[in-house]
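Asker: The structure follows.
Read the figures in this text as sums done on the coordinates, not as results from a lab. Computed from a predicted structure; not experimentally measured. Cβ sites come from the backbone with ideal geometry, for glycine too, and all protein chains shown count toward neighbours.
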Amino acid sequence: MVAAGDATKHEGTISEAFDEIAAAYRAECAAGIPMSVHERYERRLTSLRAELRSTPTQRMLGDVLRSMEVVDDQQLADALRAQAAGGGAKLLGEILIDLGWATEQAIRQAVERQSAARRESAAGLGGASGE
């Protein structure tokens, strides 16, 4: 049970780190940054994307966003096609934000819902095996 809690805490840390680095990166890009700094940000964001992708979820982000009525089926399908066309370099949430179909706040809320569902599932499994 402790391990599941640690995994959720770790995921929150990854999401928070990604948000912080992405925001700093956008701010520095707007101001104009040297290529070496650009590459450093890209490497770190790529690493965080990989960690986020490897975290198991109960529901896919697109399903959560549809249930929140942030995107419709067509927008989700278009964003998933764009993600595939880009070789999966960007996370779905990044693509939806870039296309103007979702806000950072909506993506953050959807990820929180994913995390809450995972915690509830882990608590249910932990309680059942602990008795």
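Asker: Net charge near Ala102, counting Lys/Arg +1 and Asp/Glu -1 over other residues with Cβ under 12 Å of its Cβ?
Answerer: Charge balance near Ala102 sits at -3.
Asker: Which of the three applies to the chain, rounded, prolate or oblate, going by the alpha-carbon gyration tensor with a ≥ b ≥ c and a/c under 1.5 meaning rounded?
Answerer: Oblate is the answer for the chain, as a/c is 1.5 or above yet b/c matches or exceeds a/b.
Asker: Counting each DSSP H run of 4 or more residues in the chain as -39500 (n - 2.57), what helix-only mean residue ellipticity at 222 nm follows after dividing by all residues, to the nearest 500 deg cm²/dmol?
Answerer: Result for the chain: -26500 deg cm²/dmol, rounded to the nearest 500.
Asker: Given labels modelled 7 Å from the Cα in the Cβ direction, how far is it in nm from Glu120 to Arg44?
Answerer: In this crude label model, Glu120 to Arg44 measures out at 3.5 nm.
Asker: Residue by residue, what Karplus-based ³J(HN,Hα) values in Hz, rounded to whole numbers, does the stretch 112-120 have, using 6.51, -1.76 and 1.60 with θ = phi - 60° and x for Gly and Pro?
Answerer: Result, rounded to whole Hz: 4, 5, 4, 5, 5, 5, 5, 5, 4.
Asker: Given the Cα-Cα distance of Ser54 and Met68 and 0.36 nm per residue of separation, how much length would full extension add, in nm?
Answerer: Stretched fully, the Ser54-Met68 segment lengthens by 2.7 nm.
Asker: Sort Asp19, Asp98, Asp73 so that the residue with the fewest other Cβ atoms within 10 Å of its own Cβ comes first and the one with the most comes last.
Answerer: Asp73, Asp98, Asp19
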